[in-house]
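To start, the structure itself, in structure tokens.
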Amino acid sequence: MAVQWPWSSATPLIALRGKQLLLRLPQMSDYEPWYKLRLDSREFLKPFEPRWSEADLSRRIFAMRVRRAREEAEAGTDYSFFVFVLKGQQEILVGGITLSNVRRRAAQFVNLGYWMGQPFAGKGIMTEAVATCLPFVFDTLDLHRIHAAFLPGNMASRRVLEKNGFVEEGFAEKYLQINGRWEDHVLFGLTRERYESRRYTQR
């Protein structure tokens, strides 16, 4: 994994690299592929996300997302990555990962969320993307826990987390508003101890 963190740059960037993936903050040049992927995947993603309007896909709103992602990363509170599959010199946008609500002091945790465009779902890409984030969370940010939550019927999300060492920790009633309704969620977590144990045994 390579981390680029030039905060003095006019366009600050964090880039995480996996075997076939690149995770980085969004840029305005990503708007067209992002718009197409989100539009084409709208019905696929609808059951798993907060409600999106047509305005949420506009270039103006996207520009606000780009600016907010940079500001939050610089503040160290949230990290919104786009996930790209690398093919030669080509970067193909396939989804996104968010590390949000970084808590310090006695807590030392972050929340993990992700989405995958419909054409790329079920190919193991998100499993690798989450794995690519883990060294950034535990080594670079030096946090102690990652929290994640998913709808009880979302078996694909469960598999992504379990393959990365997360374990089920609980159940939260009416936890998040999804597609306009408050929905129950299964709670998963990964501690530094479990992460380091898995990393040692996989060497």
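The values are calculated or read from the model by the stated rules, or taken from the named source; none is laboratory data. This is a predicted model, so every value here is computed, not measured. Note: ideal-geometry Cβ built from the backbone for every residue, glycine included; neighbour counts use all protein chains shown.
Observations
- For the stretch 32-56, a residue qualifies if it is touching a strand residue (DSSP E or B) at 6+ places or on another chain (Cβ under 7 Å) and within 26 Å of LYS174 (Cβ to Cβ), and the qualifying residues are LEU45, PHE48, GLU49, PRO50.
- Residue match in the stretch 46-59 (condition: under 21 Å from ILE125 (Cβ atoms), loosely packed, with under 12 Cβ neighbours inside 10 Å and modelled with pLDDT of 90 or more): no
- Search result, residues across the stretch 14-61 that are closer than 25 Å to PHE136 by Cα, assigned to a helix (DSSP H, G or I) and in contact (Cβ under 8 Å) with a residue 24 or more places away in the chain: MET28, ASP30, TRP34
- For the stretch 98-105, the criterion of a residue being out of contact with any Leu (no Cβ under 7 Å at 6 or more places or on another chain), under 20 Å from GLY18 (Cβ atoms) and free of Cβ contacts under 8 Å to residues at least 40 places away in the same chain is satisfied by at least one position.
- Matching residues in the stretch 68-97 - criterion: being of a type in the set (Val, Ile, Thr) and farther than 15 Å from ASP30 by Cβ: THR77
- Residue count for the stretch 83-97 satisfying the condition of being free of Cβ contacts under 8 Å to residues at least 60 places away in the same chain and more than 22 Å from ARG159 (Cβ to Cβ): 5.
- Matching residues, the stretch 185-203, being more than 19 Å from ALA107 (Cα to Cα) and at pLDDT below 95: SER197, ARG198, ARG199, TYR200, THR201, GLN202, ARG203
- Residues within the stretch 119-146 that are surrounded by fewer than 15 Cβ atoms within 10 Å (Cβ to Cβ), closer than 27 Å to PRO47 by Cα and either within 16 Å of the chain's Cα centre (by Cα) or free of Cβ contacts under 8 Å to residues at least 60 places away in the same chain (or both), tallied: 3
- Among the residues examined, PHE150 qualifies as over 22 Å from LEU16 (Cα atoms) and either in contact with an Asp or Glu (Cβ under 6 Å, 6 or more places away or on another chain) or surrounded by 15 or more Cβ atoms within 10 Å (Cβ to Cβ) (or both).
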